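Below you'll find the structure, written out as structure tokens, and then a few comments.
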Amino acid sequence: MEISSRYNPKETEPKILQRWLKGSVYHAKKDPSKEPFSIVIPPPNITGILHMGHALNNTIQDVLIRYRRMQNYQALWMPGTDHAGIATQNVVERALAKEGKTKEDIGREEFQKHLWSWRDKYGSTIIDQLKTIGASCDWGRLRFTMDQAYSQTVGGVFLELFKQDLIYRGNYIINWCPRCKTALSDEEAAHKEVDGWLYYLRYPVKTKKNEKKFIIVATTRPETMLGDTAIAINPKDKRYDWLKNAKVILPIVDKELSIIQDEAVDPEFGTGVVKVTPAHDPVDFQLGKKHNLEFINIMNEDATLNKNVPETFQGIDRFEARAMLVELLTKKKLIEKKEPYNLGAGHCYRCNTIVESRISLQWFVKMKPLAQEAIKVVQQDKVKFYPNRWKKVYLNWMFNIQDWCISRQIWWGHRIPVWYCQNCYNPNSNDKKGIIAAKKAPKKCSDCGSDKLTQDKDVLDTWFSSWLWPFATFGWPFDGRGTKDDRRRTKNKKIQEEEFEYFYPTNTLVTASEILFFWVARMIMASLKFTGKIPFSDVIIHGTVRDDEGIKMSKSLGNVIDPLEITDKYGADALRFSLIFLAASGSDVYLSSDKFLTGRNFLNKIWNAARFIFSQIQNKKIKIDKLDYKLEDESDAWILNQLNKTIIDCSGLIENYRLDEAIKTAYDFFWHSFCDWYLEIIKDNFSKTKANNSVFILLSSLKLLHPFIPFISEKIFSLIKQNCSLDLADFISESGWPLEKKINLEPQSLAVFTKIVDSVDKIRDLRGDLGLGQQKLSLQVKTEAKLKEVWARHKGWFCRLVNAETITLVDSLERVFYQNKYWAINLKIGSADLAKFSHALDKKINNFNSLIKKTEGKLKNKKFIKNAPKNVVEKEKSKKSDFSHQLTRLKNLKEIIV
RNA sequence: GGGCGGUUAGCUCAGUUGGUUUAGAGCGUCUCGUUUACACCGAGAGGGUCGUGGGUUCGAAUCCUACACCGCCCACCA
């Protein structure tokens, strides 16, 4: 069989993928004979297109899942997508705008049809992309946060929280995005610094004596003055005692402001006088409540000013109004000064527009009661973070948790299951009168019997459905809900419940730090509240993907590397390999496209190692029908010993989520032990046993590597099946994780062999130091009688690897180039670059001199002898004698040769 | 303002409880090699007073402390 010398992932990967999908190898159902292992995917947005962050996130999950699957766990990776309320609505609105229409033009119902058809058309793009990078999800279970069953769960949770008084509706100050025209939660308004000005405004004051005075207030948002209803000072601030009985007039609006005293005012900041705009600032809102001030909402939904401001400003955008006001106030000499100022302003996390603080009627979840248990489980390490430092971040946020605004004024999402009685509901009252929360539209008001009911127009925050993800995806609360189709796909109630019992809590959640509060914290709260269980025991928080200058990859900055481009060029395996290789636990990943060469080169190395083994087997017509590892000579024990170590290390590292270290360990073994040594050693002596052994090592390596690079390992696995008549599973993931294989060998002979390998290195060094070029060497080896037969056995390949003609075993040497505790070696050489060699020797001699000095220093130190553990002292002593021996040898060599 | 992380070779980073490392790897650089698995390769070389100053210790890249610079998160200073 002809095998190309270049591995071609583009040809291989799609075929392998098809086999996986057809074979449904990744389907996991309850199997009491196996331990369960489960992960729920962080559901990508249906608007999403695979980016490097997804690639990293899902590769990590896939490695864990594939590893456990091979370890004979029942490994379930639950896939799905998120409806992503605002994001999706924005996308579909933009598409509509291209036709010159707005969503208002076509109406809510029609717009929703657009949303669904968009979702049907593009919503699974990212799922297909995940498949191409090898994600081994149980695709048959694919969930969507707006599946009917899932939606019913969301609604049910709302009703339950409402019943328990953990949800309330009220007029509060919230973050408002004037572009998306909806309320946002605190988390959705990202604080960023914005260059701006701090304006010092002069407000006229009339004192009792009718003096004309001014007070100066500082503000970054002058337009809000149109909604001012008070002036606040600190009661202890003596400077403003005179103000307490005076009247402050709000310029332009020309009305009197009340004067309040509050400790919250910092006399040190600005002028010590604060203008109070209760309807447009969170602090002022509190002041307003406390001091019973008037709340004047001055803005429309789109942040233009409304009819509550003087006519000139009505309908003007907030920023334009700011400019106008500054100009007008300047004219009136009412601006004392302005200073450059960086203000932290909230930005909409979906469209980056600066949000406004605005009072509006919204639904909220009381978070403090939910947080209590979620704090405990993390404190008690029932839920653990990797890296552990996130524990503190999590707890800090939980201790200071604020109520969660969950209503959104958009059309894409779960409609709030609440109806208001037109007759008896009073939005300004705190009781629930006239609010009917129900699964289905009620006929009559349960309070007054009126049939004039209207449903709340809003939908729920997307995260209000995502926080149920780990258990809602299993069909919780198992009441056979959903459409027939849902039920067919999600199986019947009993199976669902059993599966939940079996797989839940899930094991590991893999996510980026950005959504720790949005999602992770809330899932823990929701799961504890509704299922009484933690949702997962381990949370892996990986880093952010950045470009090679350390800047976060983002479409708008144009610095993204498209994972699919990499897949196209180098293959999904190369992408996965390099991402894992670079992602040290929790630290950010700096990418440039050449970083993927490491992965590509490695794949090619594997490919060629396999190609070499197969070609040898074919050429020599060796038949391999069972993998019976035999020790023909020491090299077989040596490589097996290293494989055993690699298996142990690799497994441990994966279990501790040190995937980068795990892949490096496997990489190092395969390339530098197996290829560089074992395959080189056996080249000339490719016996049946060696063939057998090399296939065994290859197969074991492939298994170790499979979680990281599934395609190529599957491909070569199938080639092994073809080339050797072995009874192997259909898929590598069903063939089991490699186990250590015991070897019966005295440790002594392994040590001797290691010294032979070491001798090759040393002679290669000497070749360089002596400047021998391609000169063929003759070696003389002096060793004890019983080691002579060992040398006789390994002479052949040894010569080849050091480029020597002969090795003679002798009883005495005229000079010694290399020596260890088993043997000494002399090189018989023709011409050499003696100056170069002398220089190299000097360098080594100096090095040993300083090392000896260092160890002597330690050994002369009485405190060291007294305090250091015995073994450390012993080690230091043997180091010293070893160094001295080597030094003597080098000095002799120099005398003889140079 | 509070909290967290980082600073080790030209670049990207390992270095787990202080002594198994004479501070390592990958990439890049330089030298040699086309001996048919692989030039997407092989062999070798050069390159670091481990951010700075103190301290603990027989012994510090590793622990403590102060400082500097970089990055992130949280926070209502108008």
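Confirm whether A:Asp431 is more than 16 Å from RNA strand B (Cβ to nearest atom), surrounded by 16 or more Cβ atoms within 10 Å (Cβ to Cβ), at pLDDT below 90 and more than 41 Å from the chain's Cα centre (by Cα).
Details: more than 16 Å from RNA strand B (Cβ to nearest atom): yes; surrounded by 16 or more Cβ atoms within 10 Å (Cβ to Cβ): no; at pLDDT below 90: yes; more than 41 Å from the chain's Cα centre (by Cα): yes.
Here the answer is no, as A:Asp431 does not meet what is asked.
For the range A:792-898, which fully contained helices (runs of 4 or more DSSP H) count at least 1 residues that are away from RNA strand B (no atom under 15 Å from the Cβ) and touching a residue at least 12 places away in the same chain (Cβ under 8 Å)? Walk me through how you get there before you give the answer.
Values: elements: A:834-860, A:862-867, A:870-897.
In the range A:792-898, A:834-860, A:870-897 are the helices (runs of 4 or more DSSP H) which contain 1 or more residues that are away from RNA strand B (no atom under 15 Å from the Cβ) and touching a residue at least 12 places away in the same chain (Cβ under 8 Å).
Acidic (Asp, Glu), in a helix (DSSP H, G or I), surrounded by fewer than 20 Cβ atoms within 10 Å (Cβ to Cβ) and within 14 Å of RNA strand B (Cβ to nearest atom) - does that describe any residue in the range A:682-701? Show your work before the answer.
In the first step, residues of the range A:682-701 are kept if they are acidic (Asp, Glu); the result is A:684.
Add one more test, that the residue is in a helix (DSSP H, G or I), and what stays is A:684.
Pick out the ones that are also surrounded by fewer than 20 Cβ atoms within 10 Å (Cβ to Cβ) and you get A:684.
With within 14 Å of RNA strand B (Cβ to nearest atom) added as a condition, the list becomes A:684.
Scanning the range A:682-701, I find at least one residue that is acidic (Asp, Glu), in a helix (DSSP H, G or I), surrounded by fewer than 20 Cβ atoms within 10 Å (Cβ to Cβ) and within 14 Å of RNA strand B (Cβ to nearest atom), so the answer is yes.
Among the residues of the range A:133-142, are any among the acidic types (Asp, Glu), closer than 24 Å to A:Thr88 by Cα and open to solvent by less than 40 Å² (accessible area, probe 1.4 Å)? Step through it out loud before you land on a result.
Of the range A:133-142, the ones among the acidic types (Asp, Glu) are A:138.
Then keep just the ones that are closer than 24 Å to A:Thr88 by Cα; that gives none.
Looking for residues that are among the acidic types (Asp, Glu), closer than 24 Å to A:Thr88 by Cα and open to solvent by less than 40 Å² (accessible area, probe 1.4 Å), one finds none in the range A:133-142, hence no.
Restricting to the range A:272-297, and then to whatever is closer than 17 Å to A:Asp186 by Cβ and touching a helix residue (DSSP H, G or I) at 6+ places or on another chain (Cβ under 8 Å), can you tell me which residue is farthest from RNA strand B (Cβ to nearest atom)?
A:His280
For A:Phe285, state whether it is within 45 Å of the chain's Cα centre (by Cα) and modelled with pLDDT of 90 or more.
Values: within 45 Å of the chain's Cα centre (by Cα): yes; modelled with pLDDT of 90 or more: yes.
So A:Phe285 fits the description; yes.
Per-residue answers, yes or no, for (1) more than 13 Å from RNA strand B (Cβ to nearest atom); (2) modelled with pLDDT of 90 or more; (3) in contact with a His (Cβ under 9 Å, 6 or more places away or on another chain):
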| position | (1), (2), (3) |
| --- | --- |
| A:Glu301 | yes, yes, no |
| A:Asn306 | yes, yes, no |
| A:Lys333 | yes, no, no |
| A:Glu336 | yes, no, no |
| A:Tyr349 | no, no, no |
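Of the residues in the range A:741-772, how many are more than 21 Å from A:Lys844 (Cβ to Cβ) and free of Cβ contacts under 8 Å to residues at least 40 places away in the same chain?
Of the residues in the range A:741-772, 5 are more than 21 Å from A:Lys844 (Cβ to Cβ) and free of Cβ contacts under 8 Å to residues at least 40 places away in the same chain.
Looking at the range A:241-271, which of its residues are within 11 Å of RNA strand B (Cβ to nearest atom) and of a type outside the set (A, V, I, L, M, F, W, C)? Don't jump to the end; show me each part of the working.
So in the range A:241-271, the residues within 11 Å of RNA strand B (Cβ to nearest atom) come out as A:262-271.
The answer is A:Asp262, A:Glu263, A:Asp266, A:Pro267, A:Glu268, A:Gly270, A:Thr271.
Hey, which of the strands (runs of 3 or more DSSP E) in the range A:521-595, taking only ones fully inside, have at least 3 residues that are modelled with pLDDT under 80? Step through it out loud before you land on a result.
On the way: elements: A:536-542, A:545-547, A:589-591.
In the range A:521-595, the matching strands (runs of 3 or more DSSP E) lie at A:589-591.
With (1) open to solvent by less than 30 Å² (accessible area, probe 1.4 Å); (2) closer than 30 Å to A:Lys439 by Cβ as the list, and A:Asn171 as the residue in question, which single condition is left unmet?
(1)
Name the residue that is most open to solvent (accessible area, probe 1.4 Å), counting only residues in the range A:815-844 that are at pLDDT below 80 and of a type outside the set (A, V, I, L, M, F, W, C). It would help to see each step written out before you state the result.
Step one: list which residues in the range A:815-844 are at pLDDT below 80, which gives A:830-832.
Subsequent filtering for residues that are of a type outside the set (A, V, I, L, M, F, W, C) retains A:830-831.
On the way: A:Gly830: 63, A:Ser831: 86 Å².
Filtering first and then ranking leaves A:Ser831.
Those residues that are touching an Asp or Glu at 6+ places or on another chain (Cβ under 9 Å) and open to solvent by 70 Å² or more (accessible area, probe 1.4 Å), I need them from the range A:726-740; list them, please.
If the condition is that a residue be touching an Asp or Glu at 6+ places or on another chain (Cβ under 9 Å) and open to solvent by 70 Å² or more (accessible area, probe 1.4 Å), then A:Asp727 is the only one that fits.
Here is a list: A:Ala75, A:Ala28. Which entry is in a loop (DSSP other than H, G, I, E, B), of a type in the set (A, V, I, L, M), closer than 30 Å to A:Ile515 by Cα and in contact with a helix residue (DSSP H, G or I) (Cβ under 9 Å, 6 or more places away or on another chain)?
Details: A:Ala75 fails: in a loop (DSSP other than H, G, I, E, B).
Answer to the check: A:Ala28.
Which one of these is within 16 Å of RNA strand B (Cβ to nearest atom), in contact with a Ser or Thr (Cβ under 8 Å, 6 or more places away or on another chain) and not in a helix (DSSP H, G or I): A:Tyr678, A:Tyr657? Steps first, please.
Values: A:Tyr678 fails: not in a helix (DSSP H, G or I).
Result: A:Tyr657 is the single residue among A:Tyr678, A:Tyr657 that is within 16 Å of RNA strand B (Cβ to nearest atom), in contact with a Ser or Thr (Cβ under 8 Å, 6 or more places away or on another chain) and not in a helix (DSSP H, G or I).
Would you call A:Asp668 within 38 Å of the chain's Cα centre (by Cα), open to solvent by 50 Å² or more (accessible area, probe 1.4 Å), within 22 Å of A:Leu64 (Cβ to Cβ) and not aliphatic (A, V, I, L, M)? Can you show your working first?
Values: within 38 Å of the chain's Cα centre (by Cα): yes; open to solvent by 50 Å² or more (accessible area, probe 1.4 Å): yes; within 22 Å of A:Leu64 (Cβ to Cβ): yes; not aliphatic (A, V, I, L, M): yes.
Answer is yes for this residue.
So which of A:Val274, A:Val326, A:Val309 ends up being open to solvent by 40 Å² or more (accessible area, probe 1.4 Å) and either of a type outside the set (S, T, N, Q) or over 29 Å from A:Cys351 (Cβ atoms) (or both)?
On the way: A:Val326 fails: open to solvent by 40 Å² or more (accessible area, probe 1.4 Å); A:Val309 fails: open to solvent by 40 Å² or more (accessible area, probe 1.4 Å).
Of the residues listed, the single one that is open to solvent by 40 Å² or more (accessible area, probe 1.4 Å) and either of a type outside the set (S, T, N, Q) or over 29 Å from A:Cys351 (Cβ atoms) (or both) is A:Val274.
From (1) away from RNA strand B (no atom under 12 Å from the Cβ); (2) open to solvent by 40 Å² or more (accessible area, probe 1.4 Å), pick out the condition that doesn't hold for A:Arg600.
(1)
If I go through the range A:868-893 residue by residue, how many of them are among the basic types (Lys, Arg) and buried (at least 16 other Cβ atoms within 10 Å of the Cβ)? It would help to see each step written out before you state the result.
Looking only at the range A:868-893, we keep the residues that are among the basic types (Lys, Arg), and these are A:870, A:875, A:877, A:879-880, A:889, A:891.
Subset that is buried (at least 16 other Cβ atoms within 10 Å of the Cβ): A:879-880, A:889.
Qualifying residue count, the range A:868-893: 3.
The values are calculated or read from the model by the stated rules, or taken from the named source; none is laboratory data. Note that the coordinates shown come from a computational prediction; the quantities given were computed from them, not determined experimentally. A quick note on method: Cβ atoms are made from the backbone with ideal geometry, for glycine too, and the neighbour counts reach across all protein chains shown. Note: accessible area is taken over every heavy atom of the protein model, side chains too, but ligands, DNA and RNA are not part of it. Shrake-Rupley method; radii C 1.70, N 1.55, O 1.52, S 1.80 Å.
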